[in-house]
Amino acid sequence: MKFRTVAELVEIAEKEGLKISEVMILHEIEVMNRPREEIFAGMEHNLTVMEQAIERGLTEEIRSHSGLTGGDARKINEYKENAPVLLSGSTILNAVSRATAVSEVNAAMGTIVATPTAGACGILPGAISTAAEKLGSDRETKVRALFTAGAIGFCIANNACIAGAAGGCQAEVGSATAMAAAAVVEMAGGTPTMSGEAVAIALKNMLGLVCDPVAGLVEAPCVKRNAMGAAIAMVAADMAMAGVKSIIPTDEVIGAMFKIGQMMPVALKETALGGLAATPTGQELERKIFGAGK
Amino acid sequence: MKYRTVFDIIGPVMIGPSSSHTAGAARIGRAARTIFGRKPKRSVITLYGSFAQTYRGHGTDVAIAGGLLDFDTFDKRIVNALEIAKEEGIEITFVESDEVPDHPNTARIYLEDEQGSVEVVGISIGGGKMEIVELNGFQLSLSGNDPVLLVLHQDQYGAVAKVASVLAEHEINIAFMQVSRKEKGSQALMSIETDQPVEMEVQHKIGNLPGIHAVMIL
């Protein structure tokens, strides 16, 4: 049940008539030599931590130490409840507000699950909890969705990279968005092949995205990129469910992401030396937060 | 494969804000503490690359201090680790290096007390995963996934055989082993990943063999 690429993963799942989540669970049992119940319980714990982070972000007064972020999740949520017309729709705004909630909790040094990283921790909880509500999914389906996302992240991490310092934001938020898209497809009853297509469709829209955190903080633009990552994941899942196929195969999109990351200048890879961090306002904020010393 | 389990991807549960700069950093600090084997008195932490540029924003300094205090990635005390370290009498100095490292997220951790010192270099490779790439000047590659027995010894014939036979006596299987030395006849380091845990008794037995300088478990 071993796989290294998304193509191998999808092939095993289709051939054996299994869900991607099941292939990941079987892989885990084999490689880590742990019983299924223990593995499942471990993942369910992760889901619980995610749900608590969503709850905190939507109900508590969250503010980061720097003061840069916090409160937007509640703002979006209130707008969603009260606006006479929603331009993008309540499902997208649910995903966006929840992704923002978790990301804001992270920025405030709260407890989150890195998926695949802390900088991208809002996307998967935002997309999965929203899809579950929409689809009426049970708890097992939600836990399974995390395994599906994990399987995709596993392929990306082992063939490319998932750290902003190594590959830019495309490696973090891009990977998380692709993982979430595949997970939502499985939740909605799509095939493993469709999950694979959703990965490609989501990730190609994140290619080239640089990591340029203002003052080096995981706040601006990270929180908003989490919000939009969740939105892209939902739309990519819908496109894949409609039967849209990526012209470039999924593993080649992942390969392109890796190469783009290698070509990306260091100033745009989590050093806070370029991009939004280097704008006049970004610089001014850095001086305000850390003083003139830096 | 750098990432072996699904929990490397969906996880760890951690205190924000950065898996590489906070959780990974805490794990490097904790690995250094584990190798040292006790609470250090003094510590010098040199940060390179992205660690050096953004450590204050990400709480990398706080996280490494938390690791030195033996805190896990989800331990809420990490937030106050610098103050706690001070209360516990651990003196920590941070140095920002502008040297260009092989990996963008690199930390060098020197720990000491009256009994001795240890120097560990760790890299944070993303998603909270880390690797120890250097110990007391010896190159190595440890993920911290499996228990690793580290043996500092005199570079001479029979050292590996002696350690291996103690492990065999206790029915401990070697999964992976690496031996490195600085120069012929000087000090050398064995790093041994084992399938079974190496109990204290076995560690002492190895430590008492001739030509063995130190035994550590990571």
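Filter segment A:109-140 for residues that are out of contact with any Ser or Thr (no Cβ under 6 Å at 6 or more places or on another chain), assigned to a loop (DSSP other than H, G, I, E, B) and more than 21 Å from A:G70 (Cβ to Cβ); which is farthest from the other protein chains (Cβ to nearest Cβ)?
A:G136
Go through segment A:55-75 and report how many residues are in contact with a Leu (Cβ under 7 Å, 6 or more places away or on another chain) and either away from chain B (no Cβ under 12 Å) or modelled with pLDDT of 95 or more (or both).
Within segment A:55-75, the subset in contact with a Leu (Cβ under 7 Å, 6 or more places away or on another chain) is A:66, A:68, A:73-74.
Remaining after also requiring either away from chain B (no Cβ under 12 Å) or modelled with pLDDT of 95 or more (or both): A:68, A:73-74.
Residues that pass the stated criteria total 3.
Out of contact with any Pro (no Cβ under 7 Å at 6 or more places or on another chain) and facing chain A (nearest Cβ under 10 Å): which single residue out of B:R38, B:R4, B:R33 fits that description?
B:R4 is the lone residue from the list that is out of contact with any Pro (no Cβ under 7 Å at 6 or more places or on another chain) and facing chain A (nearest Cβ under 10 Å).
For segment A:17-44, give me each residue that is charged (D, E, K, R) and within 24 Å of the chain's Cα centre (by Cα).
Once the filter is applied, which keeps residues that are charged (D, E, K, R) and within 24 Å of the chain's Cα centre (by Cα), segment A:17-44 yields A:K19, A:E22, A:E28, A:E44.
Matching residues to (1) surrounded by fewer than 24 Cβ atoms within 10 Å (Cβ to Cβ); (2) under 18 Å from A:M43 (Cβ atoms); (3) touching a Cys at 6+ places or on another chain (Cβ under 7 Å):
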| position | (1), (2), (3) |
| --- | --- |
| A:A149 | no, yes, no |
| A:N158 | yes, no, no |
| A:G167 | no, no, yes |
| A:G190 | yes, no, no |
| A:E197 | no, no, no |
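If I ask for residues that are facing another protein chain (nearest Cβ under 10 Å), out of contact with any Asp or Glu (no Cβ under 8 Å at 6 or more places or on another chain) and modelled with pLDDT of 95 or more, which ones from segment A:29-54 would you list?
A:G42, A:M43, A:H45, A:N46, A:L47, A:T48, A:V49, A:M50, A:A53
All but one of (1) small (G, A, S); (2) modelled with pLDDT under 95; (3) under 29 Å from A:N226 (Cα atoms) hold for B:A26; which doesn't?
Just one mismatch for B:A26, condition (2).
Of the residues that sit in segment A:98-108 and are farther than 12 Å from A:M50 by Cβ and not small (G, A, S), which one is nearest to the other protein chains (Cβ to nearest Cβ)?
Among residues in segment A:98-108 that are farther than 12 Å from A:M50 by Cβ and not small (G, A, S), the one nearest to the other protein chains (Cβ to nearest Cβ) is A:E104.
In segment B:53-91, which residues are over 19 Å from the mean Cα position of the chain (by Cα) and among the aliphatic types (A, V, I, L, M)?
The answer is B:V79, B:L82, B:I84.
Out of all the residues in segment B:160-199, which are under 20 Å from A:N33 (Cβ atoms) and in a loop (DSSP other than H, G, I, E, B)?
B:E171, B:I172, B:N173, B:D195, B:Q196, B:P197, B:V198
Please go through segment B:124-173 and give me each residue that is loosely packed, with under 15 Cβ neighbours inside 10 Å and among the hydrophobic types (A, V, I, L, M, F, W, C), ordered by number.
Matches in segment B:124-173: B:A161, B:A168.
Does B:T22 count as crowded, with 24+ Cβ neighbours inside 10 Å and facing chain A (nearest Cβ under 7 Å)? Talk me through it step by step, then tell me what you get.
Values: crowded, with 24+ Cβ neighbours inside 10 Å: yes; facing chain A (nearest Cβ under 7 Å): yes.
For B:T22, the condition - crowded, with 24+ Cβ neighbours inside 10 Å and facing chain A (nearest Cβ under 7 Å) - is met.
Residues of segment A:237-274 being away from chain B (no Cβ under 12 Å), buried (at least 21 other Cβ atoms within 10 Å of the Cβ) and under 21 Å from A:G168 (Cα atoms), which ones?
A:T250, A:D251, A:V253, A:I254, A:M257
Does B:L47 fit the bill of being touching a residue at least 40 places away in the same chain (Cβ under 8 Å) and either more than 11 Å from chain A (Cβ to nearest Cβ) or within 22 Å of A:E270 (Cα to Cα) (or both)?
Working: touching a residue at least 40 places away in the same chain (Cβ under 8 Å): yes; either more than 11 Å from chain A (Cβ to nearest Cβ) or within 22 Å of A:E270 (Cα to Cα) (or both): yes.
Criteria met by B:L47.
Give the residues of segment A:129-150 that are free of Cβ contacts under 8 Å to residues at least 60 places away in the same chain and within 17 Å of A:I54 (Cα to Cα), sorted by residue number.
Result: A:A132, A:E133, A:K134.
With the structure loaded, tell me whether B:G67 is more than 9 Å from chain A (Cβ to nearest Cβ) and either touching a strand residue (DSSP E or B) at 6+ places or on another chain (Cβ under 6 Å) or closer than 24 Å to A:E172 by Cβ (or both) or whether it fails that test.
In short, yes.
So which of A:R144, A:R139 is among the charged types (D, E, K, R) and surrounded by 20 or more Cβ atoms within 10 Å (Cβ to Cβ)? Spell out how you get there, then give the answer.
Values: A:R139 fails: surrounded by 20 or more Cβ atoms within 10 Å (Cβ to Cβ).
A:R144 is the lone residue from the list that is among the charged types (D, E, K, R) and surrounded by 20 or more Cβ atoms within 10 Å (Cβ to Cβ).
Which numbered condition in (1) more than 14 Å from chain B (Cβ to nearest Cβ); (2) within 19 Å of the chain's Cα centre (by Cα); (3) assigned to a helix (DSSP H, G or I) is the only one that A:M206 fails?
Result: A:M206 passes all but (3).
The values are calculated or read from the model by the stated rules, or taken from the named source; none is laboratory data. Quantities reported herein were computed from a predicted structural model and do not represent experimental measurements. Reconstructed Cβ throughout: ideal geometry from the backbone, glycine too, with neighbour counts over all protein chains shown.
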